[in-house]
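What follows is a set of notes on a single structure, which appears directly below.
The values are calculated or read from the model by the stated rules, or taken from the named source; none is laboratory data. Note that the structure is a prediction, hence the values are computed from the model and not measured. Note that we place each Cβ from the backbone using ideal geometry, even for glycine, and neighbour counts take in every protein chain shown.
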Amino acid sequence: MRDGQETGRTSAEIAIHRRGARENVLGGVMRPISTEGFKKPSSLSAGGAPLLQWVKIVDLVVDPAYQRPIIGRGRHNVDRIARTFSWSCFAPVVVAPVEGGKFAIIDGQHRTTAAALVGLESVPCHVVAAAREAQAAAFKAINGVTTPISYRGTAGRQSKLPPRRCRPRRTGSARN
């Protein structure tokens, strides 16, 4: 078979791939992940490997011990997510199995509520094994620290973010 026949790619696309660089939509060259300049941790205690699976929304529950109710700005966030719903902007919901075949939402209550609002029955979930205290700690770790996003245009200059359907997450209660 000729190059590209089995993958449906053109010869030019294969050549770019072989060089290890791909042109993105902004015309820049994408870079691989690099650990250069980082110090490797001396130990790792990551817990069990998570699973990725679709879970029915009716099987997802919210633990009020660490999850806030959806009020005020949170309601506006749910409405915004529902109005502009796009799978490309929907990160998997972080959940942990709990009794009764249910899954406690650690991160993603607002996204899941918006998904239910638009009529979806299931959402993609990142399933971790975590006791209730570990769930609360994970909620705090995920929602308590965020990195501001900046955008660099094709000339490498910092500029405003390009228009998009997904707005960057803010710190605090507007996380989901």
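Observations, loosely collected:
- Out of Leu60, Leu51, one residue alone is surrounded by 10 or more Cβ atoms within 10 Å (Cβ to Cβ), of a type outside the set (Ser, Thr, Tyr), touching a strand residue (DSSP E or B) at 6+ places or on another chain (Cβ under 6 Å) and at pLDDT 95 or above. It is Leu60.
- Positions within the range 80-100 being assigned to a helix (DSSP H, G or I) and free of Cβ contacts under 8 Å to residues at least 24 places away in the same chain, in sequence order: Arg83, Trp87, Glu99, Gly100
- Residues in the range 67-78 that are in a helix (DSSP H, G or I) and in contact with a helix residue (DSSP H, G or I) (Cβ under 8 Å, 6 or more places away or on another chain) were compared, and the one that is surrounded by the most Cβ atoms within 10 Å (Cβ to Cβ) is Asn77.
- The set of residues in the range 101-147 that are among the small types (Gly, Ala, Ser), part of a strand (DSSP E or B) and buried (at least 18 other Cβ atoms within 10 Å of the Cβ) contains only Ala104.
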